[in-house]
1. Using a Debye calculation, one point per C-alpha and no hydration shell, please list log10 I(q)/I(0) for region 2-46 at q = 0.20, 0.28 Å⁻¹ in order.
2. Skipping prolines and chain starts, which residues have an amide H placed within reach, meaning under 5 Å, of the one on Leu45, given they are 5 or more residues away or on another chain?
3. What number, in percent, do you get for the relative contact order of region 2-46 if the mean sequence gap of Cα pairs under 8 Å and at least 6 apart is divided by its residue count?
4. Would you kindly derive the ³J(HN,Hα) couplings of region 28-44 from the backbone phi angles with the Karplus curve 6.51 cos²θ - 1.76 cosθ + 1.60 (θ = phi - 60°), listing them in order in whole Hz, with x for Gly and Pro?
Amino acid sequence: MADLIEGRVPPSIGNAACNAAGKLLKVVELQMRYGTATAGGQKILHLAMTSPLMPTAEASDKPQ
């Protein structure tokens with residue numbers, strides 16, 4: 001914040017940093033709301049799919 005006020009960082013960089021921080025906070029909120037509780041008491045939120053939508057390059061190189 002001080003760097004923005006002093007003009008050492010352009011406003012676009014400050015805006016990008018604030019947007020990134022907001023998205024990180026959203027992930028934490030989703031984890032607390034929808035996460036699956038583990039044996040240790042922590043909640044885990046799986047954000048990635050287990051299988052890709054599109055075939056990978058290795059899969060498309062194999063003859064059918």
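1. -0.66, -0.92
2. When sequence neighbours closer than 5 places are left aside, the close amide H contacts are Thr36.
3. On the way: 20 pairs, mean separation 9.3, N = 45.
For region 2-46, the relative contact order is 21 percent.
4. Residue by residue, region 28-44 yields 5, 4, 5, 5, 5, 7, 10, x, 8, 5, 9, 5, x, x, 7, 9, 10 Hz.
FYI, it's all coordinate maths here, none of it is from the lab. Bear in mind the structure is a predicted one, so any value in this text is a computation, not a measurement.
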